[in-house]
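*Asks:* Sharing a structure here in structure tokens format.
Every read-out reported here was derived from the displayed coordinates using simple, explicitly stated rules and does not represent laboratory data. Quantities reported herein were computed from a predicted structural model and do not represent experimental measurements. Note that we place each Cβ from the backbone using ideal geometry, even for glycine, and neighbour counts take in every protein chain shown.
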Amino acid sequence: MGTSQLGGVATALGPPRGPDTGQLALPIELSASGAAPAGPRRREPLPSVVHVSGWLDLAEQRTLVAGFEEWALPPAGLRHPRVPSGHLMSVQSVCLGWHWQPYAYSRTADDTDRAPVKPLPIELADLGRRAVAEAYGPGAEAAAYAPDAAIVNLYGPGAHLGLHRDGEEPSDAPVVTISLGDRCVFRLAGVDRRTAPFTDIELGSGDLLVFGGPNRRIYHGVPRIFDRSAPAGLGLPVGRLSITLRQTGLDP
């Protein structure tokens, strides 16, 4: 599809959301017995699409937010990407391992300062393998999972992500998405269509979503963010943060 000749727009990370903004705690859902459910809950809304709610505790989420604060800094820092048509995306994005510019990968931030992309931290790659094991079991697929790219998106007020599919990677390895901050609607369409019927999944802070197998290249997007729904004390600016790990299959 090519890339935009206009380039993206570099941005800076805003201050953490303070307690005076009315930030809400995550709701606690009770079981039939009246007790809060223990530990993460796994479900599979579509074949090989696995949602694990409450996968990361607050301390693990804060660690990722602290990492994001460093990744967002220039060079090769946070920016609004631009699609080939020239439209500026509403999300702010920073990449690790490989730089993704709609719709191509490179080793440098070609749509902003052309600096080398920051490396993918070993800890994130390990987290990706742990995620695949959580989704599909600790077998050969999890052991072989070797993510080499992360696309980290910040959804500020009013931001959304249109339906698309992750199709630039030769690899068929699963896609891992970790959601932090405000809750969102994560929408799935089909592998060969971006139209209804849709499967909508509500992702909260600390939730995990993995899609692979027959749905590795399913059309997906984020049509809605629920403002003021993040847990208190997370350290994020207003909005939602997603960390998406991919094994590209591209030559090193």
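*Asks:* Per q in 0.14, 0.17, 0.19 Å⁻¹, report the Debye log10 I(q)/I(0) for the range 27-168, using one uniform scatterer on each alpha carbon and no solvent.
*Replies:* Rounded to two decimals, the profile gives -0.84, -1.15, -1.32.
*Asks:* Quote the Stokes-Einstein diffusion coefficient, in whole µm² s⁻¹, for the chain, based on the Kirkwood radius over alpha carbon pairs, a temperature of 37 °C and a viscosity of 0.692 mPa s. Please report the intermediate quantities before stating the final value.
*Replies:* Working: Rh = 18.4 Å.
Once the numbers are plugged in, D ends up at 178 µm²/s.
*Asks:* Show me, for the range 60-77, the HN-Hα J-couplings you get by feeding each phi into the Karplus relation (A = 6.51, B = -1.76, C = 1.60, θ = phi - 60°), rounded to Hz, glycine and proline as x.
*Replies:* Per residue, the Karplus-derived 3J(HN,Hα) values read 5, 5, 4, 4, 5, 5, 4, x, 4, 4, 7, 4, 6, 6, x, x, 6, x Hz.
*Asks:* About the Cα centre, and with charges only on the beta carbon of Lys, Arg (+1) and Asp, Glu (-1), how big is the dipole of the chain? Nearest 20 debye, please.
*Replies:* Working: 23 positive and 26 negative charges, 92 e Å.
In total the dipole reaches around 440 debye.
*Asks:* Oh, and also: Per-residue ellipticity at 222 nm for the chain, helices alone: DSSP H runs ≥ 4 residues times -39500 (n - 2.57), over residue total, nearest 500 deg cm²/dmol? Provide the component values of the computation, followed by the final result.
*Replies:* On the way: 3 runs with 34 residues, N = 252.
Value at 222 nm, helices only, nearest 500: -4000 deg cm²/dmol.
*Asks:* For Ala104, what is the net charge nearby, where nearby means another residue's Cβ is under 12 Å from its Cβ and Lys, Arg count +1, Asp, Glu -1? Don't jump to the answer; show the numbers that get you there.
*Replies:* Details: positive: Arg107; negative: Asp110, Asp111, Glu168, Glu169.
Overall, the nearby charge balance is -3.
*Asks:* Right, something else. Less than 13 Å Cβ to Cβ from Val9, Lys/Arg counted +1 and Asp/Glu -1: what total charge do the surrounding residues give?
*Replies:* Working: positive: Arg79, Arg82; negative: Asp111, Asp113.
Computed value for this residue: 0.
*Asks:* Can you give the convex hull volume of the alpha carbon atoms of the range 131-250 per residue, in Å³?
*Replies:* On the way: hull volume 13.1 nm³, N = 120.
Hull volume normalised by residue count: 109 Å³.
*Asks:* In nm, to one decimal, how far is the Asp172 label point from the Ala104 one, both placed 7 Å along Cα→Cβ?
*Replies:* Those two pseudo-labels are separated by 2.7 nm.
*Asks:* While we're here: Based on the Cβ-Cβ distance from Arg43 to Glu70, what FRET efficiency comes out when R0 is 30 Å, to the nearest 0.05?
*Replies:* Values: r = 33 Å, r/R0 = 1.11.
Once rounded, the FRET efficiency stands at 0.35.
*Asks:* While we're on this one: Where the only charges are on Cβ atoms (+1 Lys, Arg; -1 Asp, Glu), what is the dipole of the range 187-229 about its Cα centre, to the nearest 20 debye?
*Replies:* Values: 7 positive and 5 negative charges, 42 e Å.
The calculated dipole for the range 187-229 is roughly 200 debye.
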